[in-house]
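Working notes, structure below.
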Amino acid sequence: METDRIADIWGSRTPHPAGSSWPKRVDQFLLDGVDESDVQKWVRGACLLCSNGCGLEVAVRDGQMVGVRGRAEDRINHGRLGPKGLYGWQGQQRDRLTTPLIREGGRLVETDWDTAMGRVVERSRSLLDTKGPLSHGFYTSGQLMIEEYYTLAVIGKGGIGTPHMDGNTRLCTATAAAAFQETFGSDGQPGSYTDIDSCDTIFLFGHNVAETQTVLWARMLDRLDASDPPRLVCVDPRRTKVAERATIHLPIRNGTNLALMNALVHELIAHGWVDTDYVNAHTVGFDQLDRSTRETTPEWAAEICGVPAKDIRAAAEIFGSSSNIVSTCSMGFYQSHQATASACQVNNIHLLRGMLGRPGAGILQMNGQPSAQNNREAGCGPALPGFRNWDNPNHVSELAELWNVDPIMIPHWAEPTDSNAIFRYAEQGSIGFMWIVATNPAVSMPDLARIRRILSGDQCFVVVSDGYRTETTELADVVLPAALWAEKTGTYTNVDRTVHLQEQAVEPPGEARGDMAIFLDYARRMGLTDKDGQPLPAWDTPERAFEAWKAASAGRPCDYTGLSYAKLHDVGGIQWPCTSAAPEGTERLYTGGVFNTDLDTCESYGHDLATGAPLGEVAYRARRADGRAVLKTTEYEHPFEEPDDTYPLRLTTGRTVYHWHTRTKTSRSPQLNAAAPAMWVELSEPDAQRLGISEGDIVRVTSRRGSIQAPARVSHPREGVVFAPWHYGGADTAANELTLAGWDPVSKQPEFKVAAVSVERIGPGQGPAPAPTTTASAPVRPFDETARK
Ligand SMILES: Nc1nc2c(c(=O)[nH]1)N[C@H]1C(S)=C(S)[C@@H](COP(=O)(O)OP(=O)(O)OC[C@H]3O[C@@H](n4cnc5c(=O)[nH]c(N)nc54)[C@H](O)[C@@H]3O)O[C@H]1N2
Ligand SMILES: Nc1nc2c(c(=O)[nH]1)N[C@H]1C(S)=C(S)[C@@H](COP(=O)(O)OP(=O)(O)OC[C@H]3O[C@@H](n4cnc5c(=O)[nH]c(N)nc54)[C@H](O)[C@@H]3O)O[C@H]1N2
Ligand code: SF4
Ligand SMILES: [Mo]
C-alpha cells in the first residue's frame with residue numbers, strides 16, 4: 001500500500017481500547033517505477049533515524065536500495081514507518097564520500113586507504129610514544145552499532161588507555177543515563193512501549209514526540225482516539241501538536257523545569273498522593289525530598305515558570321489520581337542547566353506513587369539517537385562497558401580479565417572525560433589527536449565559532465569518519481569514507497531496550513568501509529595487543545564482535561547473553577536483559593521493586609545534584625540504598641542567561657519532523673528536503689507585533705556569541721520565547737552560533753534550550769517562511785500578501 005508521510009505524518013488511525021494490543025498497519029515506500037515484483041530481496045533491519053527503532057525491511061534490486069516497508073510483527077511499530085523512516089534512506093544514494101581525503105597545502109585531496117591510515121597511525125603513534133594516552137581523544141556518536149562501539153571501547157580503553165572518550169550522546173542522552181544512575185543505581189530504561197497501550201495517563205516532559213518519534217506518537221494517538229482515552233499532560237513552551245491534544249498544557253518558560261517539578265512533588269506530598277508502603281519498602285531519601293520541597297508551592301513555581309498556579313495544581317492532581325501513568329522526558333528537560341535534577345524528579349514522582357514496574361506504569365527517559373543506548377552500554381563513551389563503575393576496582397578487573405590486559409591500562413583513576421572537556425583539551429592542545437566518528441560537531445555543538453577554531457587549529461590533528469563531506473570534515477586533517485546504515489551488519493538498541501539486527505543490504509559506495517573495519521585496521525596498524533601479544537581486539541567480523549560484547553554484558557543489567565544474530569533475524573526486536581532465564585527478553589525492569597543500587601552492582605556512586613561533585617564510595621555506602629531507589633533533588637536555580645535589556649528574548653532550539661540533525665541524509669531525500677528546505681525562526685504573535693515583524697520577514701537573531709539571519713515564522717511559542725530549528729548549518733543560519741557552552745553539573749549535557757537573544761527585522765522576505773505548516777511550526781494564520789511592508 002502506498003503511503004504519503006509528508007502531508008499525513010502519522011497516517012491513518014487504528015484506535016483500540018486500553019489493555020488491548022496495538023493494531024498492525026504496514027507502511028511501505030518504493031521508488032517511482034519500482035513495484036513489488038521488481039524487488040529481488042527484502043533485507044531485515046530497523047530504522048536508524050531516531051531512537052524509536054522501528055522494525056523494517058529494505059527492498060533491494062540490482063544491488064541498490066529501492067524501498068522500505070515496516071515489519072508488521074515487530075514489537076515497536078507493528079508495521080508503521082514515519083516520514084524519515086520511509087524517505088530518509090534515499091539520501092544515502094547521493095553525494096557520498098567514496099575515497100579517503102588528506103589535507104595537502106591546506107586543501108583536502110583524494111587519496112587511498114594506505115596513505116590516509118598511514119597518516120593517522122603516524123600521528124597517533126608518535127603522540128602516544130612521546131606524550132602518552134592522554135594526548136588522544138575519541139568523539140563518537142549515538143548512531144553506530146554495538147559491534148562498532150564495543151570495538152572502539154576496547155581499542156580506546158584497553159589498547160590506548162585514554163579516558164578521553166565520549167559520544168555526541170553527551171549532547172543527547174547523557175542526562176537520561178545520569179538520572180538513571182542517580183535514582184536506580186544504573187542506566188537502563190524501566191518501562192516498555194507497551195505501557196502506552198494500557199496506561200490511563202501520559203505526561204510528556206519537554207518531549208515533542210509528535211515530531212521526534214512519530215511512530216510512538218501514532219501509538220499514543222491510537223489510544224487518544226479510542227473511547228477510553230488517557231489524559232495527557234504536556235510541558236513545553238511551544239504549542240506543539242502534542243500540546244494541542246493535551247488535557248493540560250503547561251507552556252513554562254524554557255529553563256524553569258526544576259521549579260515546576262519541585263512544585264509537583266510538593267503537591268503530591270502535601271495531598272498525600274504518595275504510596276507510603278512502596279516508598280518505605282523501596283526507596284531512600286524521602287525525608288530529604290520532603291524537606292527540600294516544603295516551600296515549593298504551585299504559587300511559587302507559577303511565578304518562575306510563567307504559568308497559572310491552578311494549572312500546576314491540576315497537573316499534580318492528575319498525577320496524584322491516576323492509576324497507570326507513563327511519563328516521558330526528553331531534550332526540553334535534558335538540555336538545560338539543571339537537567340539531571342529535573343529528570344530525577346520525574347523518576348521521583350513515579351517512585352512516590354509506586355508507578356513503575358507494572359503494565360501501564362512506566363518511565364521513559366528518552367533517547368534521541370537510534371543507538372545512544374549502545375554507546376552508553378558498550379562503554380565507547382564515558383561509561384565502562386556493561387554499565388560498570390569506573391570507581392569499583394572489581395568492575396575494572398572484570399574487564400581487564402575479559403580483554404586480557406593489565407587493569408592499569410584501563411583508565412579509572414578519575415571520572416571519565418566528557419565531550420565539553422575533550423574539546424577544551426583539544427583547544428589547549430593537550431589532546432593532539434582527535435578522532436571524530438559519525439557526528440558533525442561543527443553544526444551540533446554550542447558556540448560554533450569556538451568549535452571551528454578548535455578543529456581548524458594546528459594544535460590538534462583531527463580525523464573524521466563520515467559518509468559525506470560535512471561542515472566538520474572540511475576542518476579535518478584526514479577524512480575517512482564510512483559505510484552507512486544497511487551497508488554493513490550490526491545491532492542497535494532503542495529507547496525501551498529493544499535490540500534489532502540490521503543486516504547488510506547493499507555494498508557501500510566506492511572505497512567506503514564500515515567503521516568497525518576502520519577501527520580494526522587502526523588497531524592492527526598500531527600493533528595493539530593483549531598481555532600475551534595477541535591482537536587486541538581479537539575479533540574481525542561483526543558477529544564475533546557481538547559475541548564478545550555478549551560476554552562483556554553477562555551478569556550486568558544489560559545482559560545480552562540470550563541473544564544471537566539468528567534469533568534477532570527470526571524475531572525482530574527483543575528487549576534486554578535477554579538470558580537463558582529470560583530467553584524472550586524482559587518487558588519491564590524493577591518489577592519487584594529491587595533496584596541496581598547495591599554497592600557491588602551500581603554503575604556510579606552518585607553525585608551532588610547541585611554541584612556535580614562525585615559522592616564517592618564512602619558516602620554511597622553510608623546511604624545504604626542496598627537495592628532501594630534513591631529520591632534526590634536540589635533547589636531551583638536560574639539558567640545561565642536570563643533576558644535583559646540588550647537580549648530581551650529567551651531562545652530555545654529543537655527539531656522539525658522532516659529533518660534529521662545536520663541533514664546529511666534528509667537534505668538529500670527529495671520529499672523530506674522539499675518539506676523543510678531552509679532555515680527559519682519562530683516568534684510568538686505578540687512578540688512579532690511588538691517588533692514590527694510579519695510572517696516571512698527576514699530577521700536577525702543575536703546573542704552574546706553570534707548572530708544568524710532567517711525568515712520569521714509567526715507561530716506558537718509562548719510570548720517572550722524564540723524557537724530556532726538547529727538543523728541548518730552555515731555561519732549565517734546555524735542555531736548553535738547563538739547557544740552557549742554551559743552544561744548541567746552532573747550529566748554535563750549542554751544547555752541548548754536557553755540563551756538570551758535579541759531579534760530585529762532586517763527587511764521583507766519572499767513570501768511565507770520556508771517552515772512546515774503541518775507541525776508545531778504551523779503559522780498562527782495564513783500568509784497575507786497585502787500585509788507585507
Ligand atoms: N524529526 C526528527 N526526529 C528526531 C530527531 C531529529 O533530528 N529530527 N532527533 C532525534 C534525537 S537525537 C533526539 S535527542 C530527539 C529529541 O526529541 P525531542 O526532545 O522531542 O526534541 P526537541 O525538539 O529538541 O525538544 C523537544 C521540545 O522541548 C521543548 N523545550 C524547549 N525548551 C524547553 C524547556 O526549557 N522546558 C521544556 N519543558 N521544554 C522545552 C521544545 O519546544 C521542543 O518542542 O529526537 C529524535 N528524533
Ligand atoms: N542547538 C541545538 N543543538 C543540538 C541539539 C539541540 O536540540 N539544539 N541537539 C543535540 C543532540 S540531541 C544531538 S543527538 C546532536 C546530534 O548532532 P550530530 O551527531 O552532529 O548530528 P548528525 O547530523 O546526526 O551527525 C551524524 C554524522 O554522522 C554521519 N553518519 C551517519 N551514520 C554513520 C555511520 O554509520 N558511520 C559514520 N562514520 N558516520 C555516519 C552522518 O553523515 C552525519 O554527518 O546535536 C545536538 N545539538
Ligand atoms: S519513528 Fe523513528 S525509527 Fe520509526 S520510522 Fe520514524 S524515524 Fe524511523
Ligand atoms: Mo539527540
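The values are calculated or read from the model by the stated rules, or taken from the named source; none is laboratory data. In this text, all values refer to a predicted model and were calculated from it rather than measured experimentally. Positions of Cβ are generated from backbone atoms using ideal geometry, with glycine treated the same way; all protein chains shown enter the neighbour counts. All accessible areas refer to the heavy atoms of the entire protein, side chains included, with ligands and DNA or RNA removed. Shrake-Rupley method; radii C 1.70, N 1.55, O 1.52, S 1.80 Å.
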Average accessible surface area per residue within segment 525-588, 1.4 Å rolling probe, Å²: 44 Å²
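What is the dipole size for the chain, taken about its Cα centre, with +1 at each Lys and Arg Cβ and -1 at each Asp and Glu Cβ, in debye to the nearest 20?
Working: 76 positive and 98 negative charges, 150 e Å.
Charge dipole, the chain, about its Cα centre: 720 debye, nearest 20.
Quick one: work out the % antiparallel among DSSP beta bridges in the chain, nearest 5.
Values: 47 of 93 bridges.
Counting only bridges with both partners in the chain, antiparallel ones make up about 50 percent.
For the peptides 514-524, 760-770, what is the packing order when you average, over each peptide's residues, the other Cβ atoms within 10 Å and list the highest mean first? Can you show the working numbers first?
Numbers: 514-524: 22.3, 760-770: 15.5.
Peptide ranking by packing, descending: 514-524, 760-770.
Compute the relative contact order of the chain as a whole-number percentage, counting only Cα pairs closer than 8 Å that sit 6 or more residues apart in sequence. Walk me through the numbers before you get to the answer.
Values: 1951 pairs, mean separation 146.7, N = 789.
Rounded, it is 19 percent for the chain.
Which whole-number percentage describes the relative contact order of segment 649-788, with Cα contacts under 8 Å and a sequence gap of 6 or more?
Here the relative contact order equals 34 percent.
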Neighbour cut-off at most 14 other Cβ (10 Å), DSSP loop, trypsin sites (Lys or Arg not before Pro), segment 673-753: R704
Percent carbon-and-sulfur accessible area, segment 649-788, ignoring ligands, DNA and RNA, probe 1.4 Å: 50 percent
Accessible solvent surface per residue of segment 67-166, calculated while the other protein chains remain in place, 1.4 angstrom probe, Å²: 29 Å²
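So what's the projected area for segment 649-788, the Cα convex hull averaged over all directions, in nm²?
Numbers: hull surface 34.1 nm².
The Cα convex hull of segment 649-788, projected and averaged over all directions, gives 8.5 nm².
Could you state the accessible area per residue of segment 251-362 in Å², with a 1.4 Å probe and every protein chain left in place? Display every interim value, and only then the final one.
Working: 3380 Å² over 112 residues.
Per residue, segment 251-362 has an accessible area of 30 Å².
Express in nm, to one decimal, how much length is gained between T541 and D626 on full extension, taking 0.36 nm for each residue of separation and deducting their alpha carbon distance. Kindly include the intermediate steps, with their values, before the conclusion.
Working: separation 85, 0.36 × 85 = 30.60 nm, distance 4.00 nm.
Value of the extension gain: 26.6 nm.
For R704 and R761, what is the calculated FRET efficiency with R₀ set at 22 Å and r taken between the beta-carbons, to the nearest 0.05? Walk me through the numbers on the way to the answer.
Working: r = 21 Å, r/R0 = 0.94.
Once the sixth-power term is evaluated, E becomes 0.60.
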Mean separation of Cα contacts under 8 Å (6+ apart) over length of segment 1-87, as relative contact order %: 30 percent
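Can you send over the carbon and sulfur percentage of the accessible area for segment 276-372, probe radius 1.4 Å, protein chains only?
48 percent
Restricting to segment 649-788, what percent of DSSP beta bridges are antiparallel, rounded to 5?
Values: 15 of 24 bridges.
Roughly 60 percent of the DSSP beta bridges within segment 649-788 come out antiparallel.
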Cross-link partners of K567 among aspartates and glutamates (Cα-Cα below 19 Å; sequence separation of 8 or more within a chain): E57, E73, D74, E147, D496, E503, E543, E547, D559, E584, E587
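Express the carbon and sulfur contribution to the solvent-accessible surface of segment 385-509 as a percent, rounded to the nearest whole number, probe 1.4 angstrom. Let's see the in-between values first.
Numbers: 1780 of 3590 Å².
That share works out to 50 percent.
Using a Förster distance of 56 Å, how high is the FRET efficiency between E317 and D35, based on the Cβ-Cβ distance and rounded to 0.05? Walk me through the intermediate numbers first.
On the way: r = 54 Å, r/R0 = 0.97.
Once rounded, the FRET efficiency stands at 0.55.
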Over segment 692-760, equivalent-ellipsoid semi-axes from the Cα gyration tensor in Å: 23, 14, 10
Segment 649-788, dipole about Cα centre (Lys/Arg Cβ +1, Asp/Glu Cβ -1), debye to the nearest 20: 400 debye
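If you take all C-alpha pairs in the chain, what percent of them are over 46 Å apart?
Cα-Cα pairs in the chain separated by more than 46 Å: 16 percent.
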